[in-house]
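Working notes for the structure below.
The values are calculated or read from the model by the stated rules, or taken from the named source; none is laboratory data. Keep in mind the model is a prediction, meaning the values are calculated, not measured. Cβ placement follows ideal geometry from the backbone for every residue including glycine, while neighbour counts extend to all protein chains displayed.
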Amino acid sequence: MAIYVQSRGKNQDQDYRWLRIELADSYPENPNFLMQSIGNLAVKPSDLIESQKFSVILVAHQDKYYLLITGLKAREERADFTGRSVRNSILWICPKDSENIKIRSLLILALQGKLEREIDKIITAAGEYGFEVNYKSLVQLSNSTLNIGNNQNTDLNCKIGKNSELLRQQIALELETNPLPDRNGLLVLVTSIKSASALKKTGVWRGLSNRIKHEEFEEYSSLARGSQQAQKKTIFLGITIAIISIIAIALLIIKLTTPQKLQPEPPPSSPKLEKLTSLDKKSGKLWKKELKSIELLSIYPNQEKTVYFLSPYSLNVKNN
């Protein structure tokens, strides 16, 4: 499990930064997850929330869960140099199979408002960056599991609603009894900035926003129906490709088995000019004569036209 914590110190030069928390050392490192697109969506996690306000993002991608909690208030004595309250954020990255219950436990604590104080207790105002994280306490918190069940009755319908205490508690109660849906993409989102239409575009399984007014959940789609539609599209595409392939093969067979028509031979070209070159041994002069074919027409009208060709070798070239 990889864990990142964001906070800041009191001094002006100790601004907000992400630290990767490890046993031997904690060092600055910005999580790539924050700036990467979620699945097939052209949206990044950082675009979905206002990080200084309480927000939740849970994403399942390939074989990992990514749980981001932001906007957790720190105690008053950790205020910055202007007196503003410091906000803590934390990101867990862990395998799907082995950490399902742990991620659900952490998510439930966040939705119930119990995670804020636990995170604040493990961060102290000290060190080069103005804050330090107690590794042992953080790991203990990350590995803790609540008394939750796996009834396998997960409601696959996607739902959105107002970011209220009531609906956050409803999601927490749902996660206490049933596992997360087995799919990739955005599973849970709690935000202060997104509209209902924007949440629907993300395909989020459970989405809450301050910009949604209705107090009850609105069901807007079904993951099961969406999966069936995707399967139908795949089958239709496969059938279409098969039909096109059969037609192409049939046309090729017809072309190969059809006898080819013989092309008529082109008429003989007109005789080329024959060149006679001879060397007069006595004078040493080189004579060149070009002889064209001579056509002699019969003077008798009833006879066929006769064509005579004079060979250059039949001529006697003499020296004048």
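Below, the figures for the structure above:
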item: Segment 66-81 residues that are without any contact (Cβ under 8 Å) to a residue 60 or more places away in the chain and not assigned by TED's automatic domain parsing to the domain that holds residue 129, paired with ones that are assigned to a loop (DSSP other than H, G, I, E, B) and buried (at least 20 other Cβ atoms within 10 Å of the Cβ) (beta carbon under 6 Å, 6 or more apart); result: none
item: Subset of segment 148-171 that is in contact with a helix residue (DSSP H, G or I) (Cβ under 6 Å, 6 or more places away or on another chain) and modelled with pLDDT of 90 or more - its residue that is surrounded by the fewest Cβ atoms within 10 Å (Cβ to Cβ); result: 156
item: Residue match in segment 46-60 (condition: β-branched (Val, Ile, Thr), at pLDDT below 95 and within 16 Å of the chain's Cα centre (by Cα)); result: no
item: Residues located in segment 120-143, provided they are assigned to a strand (DSSP E or B) and surrounded by fewer than 17 Cβ atoms within 10 Å (Cβ to Cβ); result: 124
item: Conditions (1) acidic (Asp, Glu); (2) touching a Phe, Trp or Tyr at 6+ places or on another chain (Cβ under 9 Å); (3) farther than 18 Å from residue 126 by Cβ; number of the one not met by residue 47; result: (2)
item: Cross-chain or 6+ apart pairs with Cβ under 6 Å, segment 1-24 first and within 19 Å of residue 68 (Cβ to Cβ), then among the hydrophobic types (A, V, I, L, M, F, W, C) and assigned to a loop (DSSP other than H, G, I, E, B); result: 7/131; 8/86
item: Top-ranked residue of segment 25-36 - restricted to ones that are free of Cβ contacts under 8 Å to residues at least 12 places away in the same chain and closer than 14 Å to residue 91 by Cβ, ranked as surrounded by the fewest Cβ atoms within 10 Å (Cβ to Cβ); result: 32
item: Positions within segment 86-119 being in contact with a helix residue (DSSP H, G or I) (Cβ under 7 Å, 6 or more places away or on another chain), in a helix (DSSP H, G or I), in contact (Cβ under 8 Å) with a residue 60 or more places away in the chain and among the hydrophobic types (A, V, I, L, M, F, W, C), in sequence order; result: 107, 108, 111
item: Residues satisfying the stated conditions in segment 191-224, i.e. of a type in the set (D, E, K, R), in contact with a Ser or Thr (Cβ under 9 Å, 6 or more places away or on another chain) and crowded, with 20+ Cβ neighbours inside 10 Å; result: 194
